[in-house]
1. To the nearest 20 debye, what is the magnitude of the charge dipole of chain B about its Cα centre, counting +1 on the Cβ of each Lys and Arg and -1 on the Cβ of each Asp and Glu?
2. Please give the contour-minus-distance gain from A:Arg51 to A:Ile198: 0.36 nm per residue of separation, less the Cα-Cα distance, rounded to one decimal in nm.
3. With the crude spin-label approximation of a point 7 Å out along Cα→Cβ, what separation in nm comes out for A:Asp280 versus B:Val286?
4. Please give me, ordered by residue number, the trypsin sites (Lys or Arg not before Pro) of the range B:58-141 that lie in loop per DSSP and have at most 10 other Cβ atoms within 10 Å.
5. Please average, across the residues of A:294-306, the number of beta carbons from any other chain that are within 10 Å of each residue's own beta carbon, and give a whole number.
6. Quick one: work out Rg over Rh on the C-alpha atoms of the protein assembly as shown, Rh as Kirkwood radius.
7. When all protein chains stay in place, what accessible area (Å², nearest 10, 1.4 Å probe) is found for A:Asp153?
8. Probe of 1.4 angstrom, ligands and nucleic acids ignored: what's the accessible area per residue over chain B, in square angstrom?
Amino acid sequence: MAEMTLIEAIRTALDEALAQDERVFVTGEDIGRRGGVFRATQGLYEKYGARRVMDSPLTEMGIIGVGIGAALADLRPVCEIQFADFIHPAFNQIVGEAARMYYRSAGGWQVPLVIRVPYGAVPGGGLYHCQSVEALFAHIPGLKIVVPSTPRDARRLLHGAILDPNPVLFLETKYGYRQIRGEVPEQDAPLLPGPARIAREGGDLSLFAWGLMAFYAEIAAERAAQEDGLDVEVVDLRTLHPLDQESVLGSLRKTGKALVVHEDTRTMGFGAEIAALLVDEAFEYLDGPVKRLTAPDVPAAPFNRGMFDYFLPGPDDIFAAIRELAAY
Amino acid sequence: MPDETGPGPSQRLSDDTLLEMYRLMLLSRRLDERAWALHRQGRVQFHVSAMGHEAAQVGAAFAIKRGVDYVVPYYRDLAMAIALGCSALDFMLGLFARRDDPWSAGRQMPCHFSDRGRHIISGSSTVATQVPQAAGLAFAIHYRQRAGLVDPQDATQPRLALTSLGEGSTNQGEWHEGMNWAGVQGLPMVCLVENNRYAISVPQTEQMAIPSVATRAASYGAQGESVDGNDVLAVHAAMHRAAQRAYRGEGPSLVEAHTYRLTPHTSDDDDRSYRSREEVAAAGEVEPLVRYRQTLLERGLLTPSRVDELEARTRAQVDEAQRAAEAAPEPAPEEADSPVLAPLPEGLT
Ligand SMILES: Cc1ncc(C[n+]2csc(CCOP(=O)(O)OP(=O)(O)O)c2C)c(N)n1
Ligand SMILES: [Mg+2]
């Protein structure tokens with residue numbers, strides 16, 4: 001067992017994957033000599049060389065398009081998009097191409113591509129270094145979307161994503177990179193995209209979250225236990241697409257109340273999908289409205305710190321939302 | 001002389017103008033240095049620097065009709081913004097993310113310029129997005145002239161669109177697509193490429209297989225020219241030729257100004273892992289501000305005492321702007337909620 005930060009766990013997984021499988025290479029902007037702007041690839045260029053840890057030219061469309069081509073030719077590319085905010089130039093390659101390749105070739109061509117994407121609001125990031133993009137891509141059949149919230153999961157899910165024969169968007173909460181720490185076993189099996197994690201068991205209310213918000217949710221749930229004696233079940237979804245519907249429904253059937261928390265903006269956010277699933281499949285178990293705590297519907301997080309804090313849900317906001325729904 | 005026929009400024013720079021260019025480069029540099037100091041002290045969250053790029057930016061700005069022609073700059077263009085008429089206080093209000101920040105009211109990172117009155121278009125941080133937009137602005141100039149929507153004598157109307165970006169950013173599809181559009185339609189667009197040899201950590205040699213971005217212009221039927229970007233007068237001359245072509249309806253140009261970033265990429269960067277200290281020091285030897293000062297001293301336009309006087313005046317300006325910005329009110333947090341959509345004009349329901 002070793003304690004690691006989220007980003008250390010990601011770096012460890014990359015290192016292990018590069019060592020284990022000669023077909024794996026990583027590419028992206030500044031990921032070589034500089035070790036990535038967040039240092040996720042630090043030391044890997046020195047260890048594996050420029051062929052396998054390759055700085056790309058400044059083109060996201062190129063990074064993903066070249067990644068798709070390499071994956072079609074049976075390599076295992078792990079592409080980094082420096083910030084989720086800059087994934088948009090690659091939208092066509094991801095959505096139009098990677099996600100549709102398998103279906104359009106009737107299973108003839110697979111795209112075993114992993115796209116690592118630091119996402120989410122961080123103080124000082126402003127509109128273009130804070131975006132959450134999960135809902136944009138969760139809408140697209142043919143893509144898997146993974147969002148780890150613990151170091152252990154980050155490591156084993158990244159291995160699982162590399163093994164998966166499908167394109168996987170691997171979203172990393174960059175605000176959590178160094179804030180989130182946890183135990184990581186010496187030996188751990190890869191975890192394929194799919195199952196949710198019951199981060200905290202409880203019978204009073206189900207809280208659904210992922211990424212940074214799952215981390216905050218546990219803090220808020222702990223406080224609700226201490227201050228209000230509430231027993232909140234925290235479900236860390238870990239994979240948004242395909243969604244572990246059984247875990248979501250199972251938790252709701254147990255508690256009767258559902259709160260979804262995401263840092264993405266509200267309208268058409270992934271919380272709406274959870275709410276629809278619960279209403280469709282577990283209507284008779286609901287003891288109250290399905291509540292969503294989200295960022296407000298504005299284009300992106302503002303730079304000013306006061307406005308930023310207003311934008312991003314924090315543990316206090318989650319605690320207040322728990323309290324309100326519990327009292328319903 | 002075709003130089004004198006266009007509506008833009010003359011190629012011959014008066015003594016006053018030469019000194020004004022120095023004064024603006026100096027102001028940008030001192031604001032920039034102050035921002036780094038404030039960041040080190042933890043008083044501001046972020047800074048992105050123009051240090052080393054001042055000649056490229058001021059030389060470019062002085063070749064167009066400042067405040068009239070459209071400019072679509074990028075985050076590194078502090079000296080350009082200052083040369084276009086933005087004030088020290090404007091910059092400081094953005095740096096401190098104050099409510100009265102004229103560029104974004106505290107929403108954007110510092111140095112994300114926007115000034116409707118001065119025809120400076122708001123930019124994102126996403127590189128190269130501005131290039132097709134600049135082509136669109138140039139298209140609109142062309143269109144409005146041809147449709148008779150503007151009075152040809154009206155000196156308040158823009159006649160070209162200037163956009164700028166780094167050399168690394170010319171690898172984005174948007175750059176190529178915007179350049180091609182401007183080329184095929186012969187639009188009055190000038191693209192200034194501020195080539196500082198790095199895109200964050202990645203050297204130009206790993207970004208493209210050619211030594212000069214200017215050669216890319218040929219693919220788009222644009223004029224391409226490379227110039228010493230640390231020589232403000234050389235940049236001005238090249239940019240002047242480019243602007244005049246645009247004014248005369250001869251299509252787009254690309255001016256590549258070779259320079260060097262004297263600081264890390266931003267206040268979040270540490271450049272020691274990818275640039276040797278010797279390389280950075282060597283660039284400091286040929287940096288544009290000192291060099292231009294030397295030129296002006298040699299020409300007798302500046303004297304050592306005048307240099308000191310300008311330093312003192314600039315420092316006072318920076319001090320005052322910082323003081324006023326720090327004292328300025330923060331936005332209320334809820335102001336983050338708007339404005340998202342523009343209201344419908346009166347009478348439109
Ligand atoms: C589309 C996009 N991808 C990535 C980034 C992150 N990023 C910001 S600046 C930069 C390098 C830009 O280099 P260059 O174009 O040479 O301009 P310079 O900063 O050197 O002036 C990168 C990769 C971005 N802003 N936009
Ligand atoms: Mg550069």
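1. Around 400 debye, computed over chain B.
2. Extending this stretch completely gives an extra 48.9 nm.
3. Label-label distance for A:Asp280 and B:Val286, simple model: 6.4 nm.
4. Counting only loop positions with at most 10 other Cβ atoms within 10 Å, the trypsin sites (Lys or Arg not before Pro) in the range B:58-141 are B:Arg116.
5. 6
6. Computed over Cα atoms, the ratio is 1.00.
7. In the full protein context, A:Asp153 sits at about 0 Å².
8. That works out to 41 Å² per residue.
The values are calculated or read from the model by the stated rules, or taken from the named source; none is laboratory data. In this text, all values refer to a predicted model and were calculated from it rather than measured experimentally. Ideal geometry is used to build each Cβ from the backbone, glycine not excepted, and the neighbour counts take in all protein chains shown. The protein model used for the area step is the full one, side chains on, heavy atoms only, and it has no ligands, DNA or RNA in it. Shrake-Rupley method; radii C 1.70, N 1.55, O 1.52, S 1.80 Å.
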